[in-house]
Every structure is written in structure tokens, then in C-alpha cells.
Amino acid sequence: MCVAFSWGHGVSAAESPNVLFIAVDDLNDWISCLGGHPDCKTPNIDRLASRGVLFTNAHCAAPSCNPSRAALMTGIRPSSSGVYLNSQPWRPVMPDAVTLPQHFRNNGYEAIGSGKIFHGGYNDLGSWDDYLKQTGDPKPVPAVLNDPHSRAGTIIWGVLDVEDKEMSDYKMANYAIDYLGKKHDKPFFLACGIYRPHMPWQVPRKYYDMYPLDKIQLPRVPDDDLDDVPAAGVRMAKPTGDHAKILKTDNWRYSVQAYLASIAFADVQVGRVLDALDASPYAKNTIIVLWGDHGWHLGEKHHWRKFSLWEEATRAPLMMVVPGVTKSDLRCDQAVDFMNIYPTLCELCQLPIGGYLDGVSMVPLLKDPDIIWERPALTTHGRLNHALRDNQYRLIRYRDGSEELYDHKTDPMEWKNLADDPGYAEVKQRLAKSFPSKNALDAPYDTKRSRNQNKKK
């Protein structure tokens, strides 16, 4: 795929709002304001949500880090680019795509970033004026590393007896905090990527202490939950893999505790950045966006990690605060996907919107979350595997043509597959119109040479 275009310049710097762009890795809908887990404590993310619009039915473009982030940051869907999986470098197949921070740079902004915004080795340093790369974290002591209740296969967690300041995410937040404490002549696009709750779930002890093990509530998972799921979906769930290991080692409760602790740690870092913005002269002229790149299963559908097309993997946090546009304490229950973030920020900052972008501006929803919005959210995992989510239903279609359909009004946990019920044929037909007409061939997979793409050009 090759995209070429020429965009004009936006409004003058004096009129332009700043953008604070916060990404939290592997953060699912367990945060308090989305209610995914009854015990999750996220006071800082919640207070941000209360200041603007919380999108309660927001979904990623792909349920894995690289394709989700590449799609959001370029405005180009996986089905348009061919970037479907983590091991497919995105820049070689989109050499002319203008990334979100690059577009802001081209229109008079300073683009600054830290932490994980693009996936791993696929950061695009040419998109930034300056960028602080993720650093490593301390490791647990051997007694924790060797504890059978600190891992199940490659799902790893454990208590760290260190202070927050020794953690990479603390340093990434500090970089944003330091930037907000300085005077800037240009408007800015400031991105801060928080890595937790991505694995390993190793965070300071005080966050584990927030969730006593004997009070941990596990997800409700019927034993027969996969019985009405087609073979393609069962293969995606891999129930004999992670879930079997978790059960065999009696680690379900321990791992849920670790994930909750990691969310709590991430929430504190988000709060530190928000406090710095509030204390700065930029507070009244800065748009705030917080998003998670996808959800995360912790046993639902007998599945762990992301890598599925069910609600737990596609639904992720999205909230926006826009001075002069959004009112406080608004919830938007309309189904949206993250392809809309790029054009929305362009419209808010009066920047030109590229005609090739796959999303549309959500400014109308920011002004009135209750307007009619009839664009189902689309998520893709691998070529020709798609999920559509509207305000009531989820329709999944796998590459072999098999399907799942769930009615969220009566079945919010997606336990009853209605795809073969003739009474829902019209629903399926209506939703299926939004499946992509183009399904790009797979982008080339990673090689040592293609991975070395973050050399500034």
C-alpha cells in the first residue's frame, strides 16, 4: 500500500489547542468508570472521565498491540494496510502515510512522546520532535521469580519491593510532567505511553496490597461457554493453553490480583500527568485523550490475553476532554472504534483531514453523545476475521464463513451464540453490510532488517 497526498496548513499557533495523548497498554474495561470488575480502583482515570465524555462502547481496530496502534496512529485500518499481527512492521507497507503526531508537526505543532505509543521496535522516530524510549523495569527477587504462584507458562507476575520512581512508567510520566512544566512557543502534541498493565504484572508491593488475595472476585465463566462457538473461534480461544495452565496451577486468583495491581499502578502514573497539566498554564487550552490499545481476557471464554474478537478483547477505554466543547460527566454509549480518533483530533484542532483516513470525526458525539450514530465498530484479527459491534449486537465472521452473534441487551457476557437462529437473519444482514469490502494481503513479516525501522530519516 502506498499513500501519497499533500495537506495544507492549519490555523495559527496562537489559536491552536494543545493535545495530551495518553495510551495505556493492555488496559481492558475493568476500570471503575466502565465497571468491568467490581473491585478495580482507578480514581485518576475516573476523574478524567468525569471531566468530559467517556465512550462506554469503544473498540479497537485490532486486538493486538502493533496492528491496533499502527491503525490508530496512521488512520488506516488493518484490512486496508495488511498489518494484522504484532510481527508485521507497518512502515514498509505504508511509506507515505502521515502519522498523527507527524500531521500535527506538519501543521505548526511540536510533537513530543514517551513510552509505548507505537508497538515495540516499530516506533516512527521521524514523527516526533523528541521522544523518550521505554526503559527496563526492576526484576523481582529470586524467591518471587521462582514462586509457582508467580507464573503460569508465559503469563508472569510478582511483587516488587521497589519504589515507584524505579519503574519505567514513572520515568515516562516524569518526561511528560517535565515538559508540561516548561514554557513552549508552539502548541504541542504530547503523547505519554504507560506500559502497565501489560505483562509482566510486576509492580511495587503497595499495589498488590490494595487487593487482598482472599477477597479477589474471579470472572464468571460457564464450563460450556465454548460449546456453541465455531471451530475457528475455539482455535482463537486456545482453551487448552493458558486457561488450562492457570487452572492446573491454581493461579487464577493470583493472576487477577496481579492484573488489578498493575492497573492501579498505571492509574497513579496517569494521575501524576493529569496533576501536572492542571498545575500548568496549559490546563484550559489542552485536549486530553486517554485510550487503551485493546482489551484483555482473564479467563472469559476460557481465553487469556487479547487476540480474540469477543468483547473482552475489543472493548477498551476511550475518553476525551475538550475545553469549550465537552461538558462534564457525559457518557456516550454509541458504538465507536479507534479509527475515529485521528480525524476527530484534526477537526478539533482545525487541521486538514486526509481523504484516505478510514475513520470519521466524532466531534458531533462530543457535543451530544445521544445523537443517532449508525457506524458499527469494526475490529479485525488476522486477514478475513472481523467483528462488528453496534449499540446492541456483536457479529463475528471468521475467514471460513462461520459466525457468532450476541445480543448485549439480554446477554452482555456473550454466552449465547444466536448466529444460527433464523429469527436474527435480518440483524445479521444489516450488520454484515459494514464488513470491509477490501481485505489487503498480509504485510511482510518481521526480519532483522525491517525491524530496524526507527532510524530517523
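The values are calculated or read from the model by the stated rules, or taken from the named source; none is laboratory data. Values in this document were obtained by computation on a predicted structure and should not be read as measured data. Cβ placement follows ideal geometry from the backbone for every residue including glycine, while neighbour counts extend to all protein chains displayed.
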(Q) Quick test for you: out of VAL159, VAL203, pick the one residue that is part of a strand (DSSP E or B) and more than 22 Å from the chain's Cα centre (by Cα). (A) VAL159
(Q) Just checking, does segment 105-115 include any residue being touching a Leu at 6+ places or on another chain (Cβ under 8 Å), surrounded by 24 or more Cβ atoms within 10 Å (Cβ to Cβ), part of a loop (DSSP other than H, G, I, E, B) and on the phi > 0 side of the Ramachandran plot? (A) no
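Would you mind finding the one in ASP46, ASP25 that is without any contact (Cβ under 8 Å) to a residue 24 or more places away in the chain and either within 15 Å of the chain's Cα centre (by Cα) or closer than 21 Å to ALA176 by Cα (or both)? Let's see the steps before the verdict.
On the way: ASP25 fails: without any contact (Cβ under 8 Å) to a residue 24 or more places away in the chain.
Exactly one residue qualifies, and that residue is ASP46.
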Q. Taking the stated definitions as given, is SER87 hydroxyl-bearing (Ser, Thr, Tyr) and in a strand (DSSP E or B)?
A. no
Q: Quick one: SER81 ticks every box in (1) within 30 Å of GLY241 (Cα to Cα); (2) under 23 Å from the mean Cα position of the chain (by Cα) except a single one, so which number is it?
A: (1)
Q. So, in segment 127-147, of the ones that are modelled with pLDDT of 95 or more and more than 21 Å from MET167 (Cβ to Cβ), which residue ends up surrounded by the fewest Cβ atoms within 10 Å (Cβ to Cβ)?
A. ASP130
Q. Counting only residues that are under 14 Å from the mean Cα position of the chain (by Cα), more than 26 Å from SER434 (Cα to Cα) and of a type in the set (A, V, I, L, M), which one in segment 288-344 is surrounded by the fewest Cβ atoms within 10 Å (Cβ to Cβ)?
A. VAL289
Q: Kindly list, by first and then second residue, each pair from a residue in segment 405-427 that is within 15 Å of LEU388 (Cβ to Cβ) and crowded, with 17+ Cβ neighbours inside 10 Å to a residue that is hydrophobic (A, V, I, L, M, F, W, C) and modelled with pLDDT under 95, limited to pairs with Cβ atoms under 9 Å and residues at least 6 apart or on different chains.
A: none
Q) Looking at TYR195, is it within 20 Å of the chain's Cα centre (by Cα), under 26 Å from GLY113 (Cβ atoms) and among the aromatic types (Phe, Trp, Tyr)? A) yes
Q.
Considering only segment 337-355, I want to know if a residue exists there that is in a loop (DSSP other than H, G, I, E, B) and closer than 24 Å to CYS33 by Cβ.
A. no
Q) Restricting attention to segment 129-156, which residues are within 28 Å of the chain's Cα centre (by Cα), part of a loop (DSSP other than H, G, I, E, B) and over 30 Å from PRO187 (Cα atoms)? A) GLY136, ASP137, PRO138, LYS139, PRO140, GLY153, THR154
**Q.** segment 24-51, residues that are buried (at least 24 other Cβ atoms within 10 Å of the Cβ) and of a type in the set (Gly, Ala, Ser)
**A.** ALA49
Q: Look at segment 48-103 and say how many of its residues are aromatic (Phe, Trp, Tyr) and closer than 15 Å to ASP358 by Cβ.
A: 2
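Counting only residues that are acidic (Asp, Glu) and within 26 Å of the chain's Cα centre (by Cα), give me the strands (runs of 3 or more DSSP E) lying completely in segment 374-427 with at least 1 of them. Spell out how you get there, then give the answer.
Working: elements: 377-380, 386-389, 393-397, 403-407.
Counting at least 1 such residues, we get 403-407.
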Q | Top-ranked residue of segment 394-404 - restricted to ones that are in contact with a helix residue (DSSP H, G or I) (Cβ under 6 Å, 6 or more places away or on another chain) and surrounded by fewer than 21 Cβ atoms within 10 Å (Cβ to Cβ), ranked as nearest to LEU85 (Cα to Cα) | A | ASP400
Q: Keeping to segment 191-230, report how many residues are closer than 15 Å to ALA266 by Cβ, buried (at least 21 other Cβ atoms within 10 Å of the Cβ) and hydrophobic (A, V, I, L, M, F, W, C).
A: 4
